[in-house]
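Q: First the structure, which I've put down as structure tokens, then a few questions once you've had a look.
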Amino acid sequence: MTTMHWLVCIIASIGFAFDIYELLMLPLIVKPAIAALHPNTGTPADWLPGGVQYVQWARTLFFVPAIAGGVFGLLGGYLTDRLGRRFVLTWSILLYAFGACAAGLSTDLYQLLFFRCLVFIGVCVEFVAAVAWLAELFPNPEQREKVLGYTQAFSSAGGVMVAVAANLAATYATVFPAIRGGHEAWRYTLISGLIPAIPLILIRPFLPESPAWQKKRETGTLKRPSFAELFSPALRKTTIVTTLCFATTFGLAFGAIQQTPQILAGHVDVLKAVEANQAKAKEAATAEKPFTQKDAGIIKGNTTDKIAASVQGWQEIGGLVGRILLAILAVRILSRRNLFRIFQIPSLLFVPAIFYWLSMNLKTEGSVEMFRYAIFAAGALVVGQMSFWGNYIPLVFPVHLRGTGESFAANIGGRVIGTAAAWITITLSAAKPPDPAKIALMGAAVAGVYALVGAILTQFLPEPTNDVHE
């Protein structure tokens, strides 16, 4: 490992960390953001989790950016093969950093939606460019598996970071400068997404291009990428099966796990914490600064955010454990299918079970504490699968199609079909009055279906070669 190799790993790790950091912001901020930015239409209950207007906007904020990311991510994968891994990687990180910061300044839901679309586009492109770049910079199979495994482990670090950031924002919101006349924690959480642009600007001049891609370009042997070639007889099975299996992994995450903050909003432990904090604020109110309904709403949002961020922190620590386990096992288990099943089969049973249990225990005091441990294990199982794809996909597509093939599997499979699980869960859980228990129950069902499909399709996953220069 030279100094150059370490620089590459550092910038890739930052990119992976903030990929997840940006994506996992939405489950944490969607409820308070909708509460703050919604227009004055319908009844107040319509804008609570499970309400008609809330469901419409929540699924829009989950799914429309995923569609944008999928479509433009395909273009990004194509450009990765045409313009180079380093160039596309750099601009994708800058794009999602800008989008996250701008989203924090939104004045209505349409602005928030637009800037979240920019975030998703940047994240979808960055993953593809970074994985191809790393795989080709480290041609030795054992070293490559370790580098891909351990740099992707920083994705879970990003999940922990966003949970910490949301917690800090909720705790110190009143200390930070006012934004749009208020101190809403979700805005500060979004703006923190600007952070990855800073080290990137400093390190970018020292980063090398992929030697495999550069050599083929300089010698004139780099073929022009084509989406049609992904469905040629030689690659059709690889493209279809990889895409669908990738989708099932994301379906587990977005169909159930990422709905946790909305579910916990109706938990008895959270409601009691909200009441206690509102009571303290009323006692501290003065004639000059009375306690208002707006203050009550902000306290409710910030308190819920803090508890949800704490639970998500457990999930992301579990995810970090899952990624480290994947990195360790990847160099010890030769069969990629068997490696994937170590994480996939337990999640098929465990993830639906814990969300069914949660749906039955929202009114049970103290059950949030028990759920923390369960979500830790679920995070390890599901995020371990996500890390698998970063190791696997570069090995099943040739150099001139690597970015294009990765982008199709990751963006159409993961970001569109997989993320659609969130839309399905939110749609099926719509109720009057809003019912968080129903969200948990539908999340269990949707996750179970996605996981079952994945378990069936895994037997058709092709075993890859180890030559990244093909």
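The values are calculated or read from the model by the stated rules, or taken from the named source; none is laboratory data. Just so we're clear, the structure is a prediction, and the values are computed from it rather than from any experiment. Ideal geometry is used to build each Cβ from the backbone, glycine not excepted, and the neighbour counts take in all protein chains shown. The accessibility values were calculated without ligands, DNA or RNA, using every heavy atom of the protein model including side chains. Shrake-Rupley method; radii C 1.70, N 1.55, O 1.52, S 1.80 Å.
Q: Among helices (runs of 4 or more DSSP H) lying entirely in the range 103-197, which contain 2 or more residues that are over 25 Å from residue 309 (Cα atoms)?
A: Values: elements: 109-137, 141-172, 185-191.
Ranges flagged: 109-137, 141-172.
Q: Let me ask something else about it. From the list 461, 441, 452, pick out the single residue that is in contact (Cβ under 8 Å) with a residue 60 or more places away in the chain, among the aliphatic types (A, V, I, L, M) and closer than 30 Å to residue 212 by Cβ.
A: On the way: 441 fails: closer than 30 Å to residue 212 by Cβ; 452 fails: closer than 30 Å to residue 212 by Cβ.
Going through 461, 441, 452 in turn, just one is in contact (Cβ under 8 Å) with a residue 60 or more places away in the chain, among the aliphatic types (A, V, I, L, M) and closer than 30 Å to residue 212 by Cβ: 461.
Q: Here's something else I'd like to know. Among all residue pairs at least 6 apart or on different chains, which show Cβ distances below 8 Å where the first residue, located in the range 214-242, is open to solvent by 60 Å² or more (accessible area, probe 1.4 Å) and the second is among the basic types (Lys, Arg) and modelled with pLDDT under 90?
A: 224/82
Q: Here is a check on your reading of the model: is residue 383 of a type outside the set (Phe, Trp, Tyr), open to solvent by 40 Å² or more (accessible area, probe 1.4 Å) and in contact with a Lys or Arg (Cβ under 9 Å, 6 or more places away or on another chain)? Write out each step before concluding.
A: Details: of a type outside the set (Phe, Trp, Tyr): yes; open to solvent by 40 Å² or more (accessible area, probe 1.4 Å): no; in contact with a Lys or Arg (Cβ under 9 Å, 6 or more places away or on another chain): yes.
Spelling it out, it is not the case that residue 383 is of a type outside the set (Phe, Trp, Tyr), open to solvent by 40 Å² or more (accessible area, probe 1.4 Å) and in contact with a Lys or Arg (Cβ under 9 Å, 6 or more places away or on another chain).
Q: Next up: How about the range 35-56: which of its residues are farther than 23 Å from residue 293 by Cα and either touching a residue at least 24 places away in the same chain (Cβ under 8 Å) or not in a helix (DSSP H, G or I) (or both)?
A: As a first pass, look at the range 35-56 and keep what is farther than 23 Å from residue 293 by Cα: 55-56.
Residue satisfying the conditions is 55 alone.
Q: Now, a different point. Report, ordered by the first and then the second residue, all pairs with beta carbons closer than 6 Å, sequence separation of six or more or different chains, a first member in the range 243-268 that is in contact (Cβ under 8 Å) with a residue 60 or more places away in the chain, and a second member that is open to solvent by 10 Å² or more (accessible area, probe 1.4 Å) and not in a helix (DSSP H, G or I).
A: Correct list of pairs: 262/49; 265/49; 266/362; 267/362; 268/363; 268/365.
Q: Which numbered condition in (1) closer than 26 Å to residue 210 by Cα; (2) touching a helix residue (DSSP H, G or I) at 6+ places or on another chain (Cβ under 8 Å); (3) of a type in the set (A, V, I, L, M) is the only one that residue 83 fails?
A: (2)
Q: Here's something else I'd like to know. Looking at residue 314 and the list (1) open to solvent by 20 Å² or more (accessible area, probe 1.4 Å); (2) at pLDDT below 85; (3) under 19 Å from the mean Cα position of the chain (by Cα), which single condition is not satisfied?
A: Residue 314 satisfies every listed condition except (2).
Q: Given 334, 362, 325, which one is in a loop (DSSP other than H, G, I, E, B) and under 30 Å from residue 461 (Cβ atoms)?
A: Details: 362 fails: under 30 Å from residue 461 (Cβ atoms); 325 fails: in a loop (DSSP other than H, G, I, E, B).
The match here is 334.
Q: Mind checking whether some residue in the range 385-402 is β-branched (Val, Ile, Thr), over 26 Å from residue 320 (Cα atoms) and either more than 17 Å from the chain's Cα centre (by Cα) or assigned to a helix (DSSP H, G or I) (or both)? It would help to see each step written out before you state the result.
A: Initially, the range 385-402 is screened for residues β-branched (Val, Ile, Thr), giving 393, 396, 399.
Still in the running and over 26 Å from residue 320 (Cα atoms): 399.
After this cut, where a residue has to be either more than 17 Å from the chain's Cα centre (by Cα) or assigned to a helix (DSSP H, G or I) (or both) as well, the list is 399.
There is at least one residue in the range 385-402 that is β-branched (Val, Ile, Thr), over 26 Å from residue 320 (Cα atoms) and either more than 17 Å from the chain's Cα centre (by Cα) or assigned to a helix (DSSP H, G or I) (or both).
Q: Which one of 29, 67 is within 20 Å of the chain's Cα centre (by Cα), more than 19 Å from residue 424 (Cα to Cα) and in a helix (DSSP H, G or I)? Please lay out each step first, then the result.
A: On the way: 67 fails: more than 19 Å from residue 424 (Cα to Cα).
Just one listed residue meets the conditions, 29.
Q: I need the helices (runs of 4 or more DSSP H) fully contained in the range 209-282, keeping only those with at least 3 residues that are in contact with a helix residue (DSSP H, G or I) (Cβ under 6 Å, 6 or more places away or on another chain) and farther than 30 Å from residue 5 by Cα.
A: Numbers: elements: 211-219, 236-255, 260-264.
Fully inside the range 209-282 and qualifying: 236-255, 260-264.
Q: To continue, here is another question. Across the range 91-149, which residue is modelled with the lowest pLDDT among those that are among the hydroxyl-bearing types (Ser, Thr, Tyr) and open to solvent by 30 Å² or more (accessible area, probe 1.4 Å)? Steps first, please.
A: Of all residues in the range 91-149, those among the hydroxyl-bearing types (Ser, Thr, Tyr) come to 92, 96, 106-107, 110.
Now drop any that are not open to solvent by 30 Å² or more (accessible area, probe 1.4 Å), which leaves 107, 110.
Values: 107: 91, 110: 94.
Within the range 91-149, the match that is modelled with the lowest pLDDT is 107.
Q: If you don't mind, another one. Going through 96, 172, 110 one at a time, which residue ends up being in contact (Cβ under 8 Å) with a residue 24 or more places away in the chain and of a type in the set (Ser, Thr, Tyr)?
A: Numbers: 172 fails: in contact (Cβ under 8 Å) with a residue 24 or more places away in the chain; 110 fails: in contact (Cβ under 8 Å) with a residue 24 or more places away in the chain.
96 is the lone residue from the list that is in contact (Cβ under 8 Å) with a residue 24 or more places away in the chain and of a type in the set (Ser, Thr, Tyr).
Q: I need the full set of residues from the range 57-90 which are without any contact (Cβ under 8 Å) to a residue 60 or more places away in the chain and either open to solvent by less than 10 Å² (accessible area, probe 1.4 Å) or touching a strand residue (DSSP E or B) at 6+ places or on another chain (Cβ under 6 Å) (or both), in order please.
A: Within the range 57-90, 61, 65 meet the criteria.
Q: Turning to a different aspect of this structure: Let me confirm something: among 425, 458, which residue is modelled with pLDDT of 90 or more, open to solvent by less than 70 Å² (accessible area, probe 1.4 Å), under 23 Å from residue 340 (Cα atoms) and among the hydroxyl-bearing types (Ser, Thr, Tyr)? Show your work before the answer.
A: Details: 425 fails: under 23 Å from residue 340 (Cα atoms).
Unique residue meeting the criteria: 458.
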